[in-house]
1. Hey, which lysines would be in cross-link range of residue B:299, C-alpha to C-alpha under 16 Å, not counting anything within fewer than 8 residues on its own chain?
2. Using the Cα gyration tensor of the stretch B:23-63, with a ≥ b ≥ c the square roots of its eigenvalues, what is the shape: rounded (a/c below 1.5), prolate (a/b larger than b/c) or oblate (neither)?
3. At 0.36 nm per residue, and after removing the present C-alpha to C-alpha distance, how many nm does the segment from residue A:275 to residue A:115 gain when stretched out fully?
4. Can you work out the Karplus-derived ³J(HN,Hα) for every residue in the stretch B:39-52? Use 6.51 cos²θ - 1.76 cosθ + 1.60 with θ = phi - 60°, whole Hz, and x for glycine or proline.
5. Could you compute how fast the stretch A:346-571 diffuses translationally, taking Rh as the Kirkwood radius over C-alpha pairs and applying Stokes-Einstein at 20 °C with viscosity 1.002 mPa s? Give it in µm² per second.
6. May I ask you to list the lysines whose Cα is less than 20 Å away from that of residue A:113, ignoring any residue fewer than eight positions away on the same chain?
7. Where the convex hull is taken over the Cα atoms of chain B, what is its projected area averaged over directions, in nm²?
8. Taking the dipole about the Cα centre of chain B, with the C-beta of Lys and Arg at +1 and of Asp and Glu at -1, give me whichever of B:71, B:59, B:141 is farthest to the positive side.
Amino acid sequence: MSTVTVEEISTKERKIIDDKFVIYLAGGLIGLFLIIFMLLPVLNILRLSITQYDEVAHEFIGKLTLNNFANYFSKPAIVQSLYHSLWIAVWSMLITTVLAFFFAYGLTRTTIKWKKALYYIAMTPLIAPSLLQAMALISLFGSNGLITAGLFNVEWNIYGPLGIIISEVLYCFPHAMVILYTTLSAVDSRLDEAAASLGASGVTTFFKVTIPTARYGIFSAAALVFNLAITDFGNPIIIGRGYRVLSTEIYLQVIGMQRFDLGTTIAVVLLVPSVIAFLLNYYFTKKSHSMISGQAKPQLPPSRPLKKWSFTIYTWMIAVILLSVVVVIVVKSFVRVWMYNWTLTFSHYQFKIPGGVGVLWTSLWISVVVGFLGATLTIVNGYVIEKKKPFFAQPLYLFSVIPAAIPGLVMGLGYILIFNTKFLNFDNIFYGRAAIVIINVVVCNFTLGTLSSITNMKNIDKSMDEAATSLGADTTRTFLQVIFPLSRVSFMSNLIYYFMRSMVTISAVIFLVSPNVHLAAISVINLEKDGQEGPSAAMATLIILVVVVVLGIISLLFRKKGFKLAAENQV
Amino acid sequence: MAKNLVLKNLSKKFDNIYAVKNMNLEIKDGEFITLLGPSGCGKTTTLRMIAGFETPTDGEINYGGRVINDLIPQKRNFGIVFQSYALFPHMRVSENVAFGLKMHKYPKDKIDQRVDELLNIVGLREHKHKYPAELSGGMQQRVALARALAPSPEVLLLDEPLSALDAKIRVKLRAEIKQLQVDLGITTIYVTHDQEEALSISDRVVVMNQGIIEQIDKPVAIYKNPISKYVADFVGTSNFFEGRLSDGIVDNPEGKFKVTNAIGIKSGMVTAAIRPEKVEIIGDKADSSVAIQNVVSGKLMVIVFLGLIVRLVIRLKTQDVIVDMLEKRFTEMGIERGETVKLYFPPEGFIVYKNE
Ligand SMILES: Nc1ncnc2c1ncn2[C@@H]1O[C@H](COP(=O)(O)OP(=O)(O)O)[C@@H](O)[C@H]1O
Ligand SMILES: [Mg+2]
């Protein structure tokens with residue numbers, strides 16, 4: 001080492017904005033954003049549900065009353081929708097959790113082949129609106145279904161509760177699978193081996209060790225499925241026929257009859273089970289994470305042939321069912337008339353709807369904006385909450401996790417009741433309606449985005465921040481030059497998540513679209529309700545195509561740079 | 001003007017537990033001072049308060065005559081080297097070193113010049129285009145040092161900078177750090193739990209124990225005159241004999257030890273400490289029936305060759321004693337393992353501490 005001379009280099013007078021101020025500003029703005037676009041709409045619904053309504057003028061009159069609830073519970077047809085919803089949700093929860101558990105077990109605890117392919121196939125329901133399942137089921141088992149009418153020529157069809165339950169199972173499958181997959185790969189599988197080496201049979205080990213150690217993951221998956229199934233709107237409206245559930249009831253009361261009183265009241269009724277399910281999910285997820293051992297995954301011993309083959313058959317059976325949902329819709333979009341005329345055609349792709357195929361572009365640009373806005377807000381939010389911990393970190397965290405508890409439909413209803421009134425109308429603002437759609441999707445999916453961003457921040461050592469600070473960087477520059485580059489992967493996966501949610505969401509935005517701002521996923525539902533099954537299949541196919549292409553491009557870009565997507569890291 | 005760093009009654013509480021309590025320390029301009037103590041004794045907390053990452057619960061930090069308790073870290077202009085290096089993994093070596101210069105708005109050409117200068121100093125000029133992950137631990141630590149020094153900080157803070165490295169590199173790097181510090185004349189606060197490292201590198205050592213300072217002194221003084229049993233135990237190796245002190249004699253189950261260094265203590269329960277190199281082995285051929293004062297016999301259990309010296313573990317009736325002696329002399333004496341030997345504990349070799 002040579003000696004050094006300390007040269008006094010004249011530094012310009014540096015202006016450092018007070019770090020606290022920047023954090024207060026960023027966190028405060030996000031908090032304000034959530035208060036205005038999440039808390040107020042929901043509180044407003046609660047308020048309106050106990051406000052007198054003029055059924056003739058279709059407006060709320062300022063008096064507080066419990067009449068709406070009395071009204072609600074006096075209409076047996078509507079009250080029934082609550083029982084229907086619970087019935088659907090409970091069955092969907094039980095079936096999905098069991099099916100997904102064994103699927104995840106096959107991927108994590110057996111040595112079946114093609115695990116990665118199976119994992120991706122299991123994720124396919126995420127890339128389409130949650131009515132694709134109902135559409136496919138109707139095409140196969142409806143009154144004109146390929147299997148019911150075509151193959152067996154029976155009168156029986158799938159409309160009603162059975163159809164809804166099967167659709168929900170197919171739709172919720174990946175959500176439950178991801179949780180159970182994480183749980184089963186994290187819980188030390190050596191416990192199983194230890195039990196086996198002590199002489200326990202495979203079945204005993206499974207029930208006495210595997211299931212108990214994974215129980216919190218199982219409960220958390222079940223609670224999530226319950227929440228998703230009870231709040232889903234797309235599938236029940238398509239396949240339910242006369243079988244009304246809470247979400248479809250809200251829609252019909254509001255859109256069909258302008259009964260905002262009943263709409264808000266039913267929304268409050270729906271909020272109760274969905275909030276409870278969310279709280280349980282949250283609680284069990286925390287519990288489950290605390291049980292995860294940081295130990296490296298041991299190599300799995302080769303499964304016995306019987307086990308291996310049973311799981312191969314089982315997992316592929318499910319994979320084929322999930323895939324066929326997509327295949328049926330894609331095929332349907334290319335045949336002239338399903339079941340009657342199987343000639344190939346592209347005519348369904350000439351959409352005779354307001355906006356035509358343009359709705360796809362609207363969806364696309366809105367989703368890109370949602371992706372960037374959502375990913376940016378949640379990464380900043382994660383940084384503020386986890387790394388900077390201002391005095392309001394806890395309430396900010398609370399506000400950030402609440403959205404997952406609020407059904408999209410309720411949030412959407414809340415939006416039109418606040419931002420689309422004679423006092424305040426988003427249509428009067430330039431791009432106001434698009435903006436409100438974007439904000440709604442960002443808010444509705446804020447929870448997962450923030451939680452994954454917090455996890456990411458936890459993985460960045462606090463000395464990174466401090467090193468930058470001690471070298472003279474203020475919070476903004478530390479964030480932009482150090483924290484953000486280190487969070488690229490997390491940012492991208494949040495961006496993808498938001499993009500996908502925005503492309504496929506129905507319930508959150510169904511009250512918000514207009515002829516000006518029409519979205520592809522909503523067009524699918526409108527076309528399908530209209531009986532235009534070919535064009536609706538075509539639009540659904542285009543949505544899937546766009547999502548797959550965008551995902552493909554992003555993962556290619558990232559692979560080049562040596563990155564892996566978050567989901568890939570797990571397989 | 002000389003800028004001293006003065007800690008006055010500095011305290012930090014976490015959830016009602018003091019991590020640092022009433023710390024008083026004056027660090028002179030250009031001094032190399034080390035905070036030494038076991039894990040959890042509050043070294044890092046002290047350093048982080050000085051750096052500005054923790055706000056003191058009580059007391060003040062005074063730098064150059066100015067209280068800096070509330071000064072934000074960016075304005076303190078203190079360089080920090082972290083235990084984990086905390087290099088920015090997405091930046092090349094040169095970008096890491098340039099980071100602080102950019103933040104301080106150095107002109108572009110000055111930045112390049114300064115980066116090269118620093119990389120020369122730490123001998124990593126040819127690695128400037130690499131990413132941290134492509135370097136060995138020792139090289140990464142050098143980069144961290146270069147990065148901390150680049151904006152010419154007035155004080156350098158190092159938190160266990162070498163603890164993640166191999167023993168050999170550790171010794172080499174600590175010499176380099178010391179040399180660099182002497183060349184730059186920069187006030188340096190170094191944190192370590194390694195007493196050998198502390199003694200070899202510092203102008204003064206601060207021995208800490210559960211948030212409080214036990215002793216502040218030059219390395220030699222700390223070693224020769226540990227102020228408490230804790231320091232005697234933590235710094236270097238000591239043999240301890242507990243017993244009742246009266247008339248300059250400590251009465252221990254092993255025997256009665258005459259002590260001369262019982263300063264200020266007249267009587268009561270005490271612990272007499274003696275360094276391994278102060279204990280002497282006297283000729284085994286000596287008459288074993290005669291009990292001489294301060295001579296105890298024991299059985300040689302373990303012999304560890306450490307190059308110039310050997311370390312012996314000798315079992316007495318109730319405890320083991322560690323003895324260091326020159327290897328040459330040990331070989332001359334021709335003692336074997338398992339043999340009984342006689343140990344002489346010179347009265348002036350003991351330091352006596354009052355038991356709490
Ligand atoms: N942020 C914190 N919150 C609570 N306790 C802390 C925090 N940081 C340090 N401590 C506690 O303060 C004590 C001193 O810690 P530290 O300064 O890191 O010790 P050292 O660096 O000497 O190992 C320890 O008991 C530690 O657990
Ligand atoms: Mg420490």
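The values are calculated or read from the model by the stated rules, or taken from the named source; none is laboratory data. What you are looking at is a predicted structure, and each value in this text was computed from that prediction instead of being measured. Here the Cβ is made from the backbone with ideal geometry for all residues, glycine too, and neighbour counts use every protein chain on show. The area values use the complete protein model at the heavy-atom level, side chains included, leaving out ligands, DNA and RNA. Shrake-Rupley method; radii C 1.70, N 1.55, O 1.52, S 1.80 Å.
1. B:285, B:317, B:342
2. Oblate, because a/c is 1.5 or more while a/b does not exceed b/c.
3. So the extension gain works out to 54.2 nm.
4. 4, x, 8, x, 5, 4, 4, 4, 4, 5, 5, 5, 6, x
5. Details: Rh = 19.1 Å.
Approximately 112 µm²/s, per Stokes-Einstein.
6. A:297, A:307, A:308
7. If I average the Cα hull's projected area over directions, I get 22.0 nm².
8. The residue sitting farthest along the positive end of the dipole is B:71.
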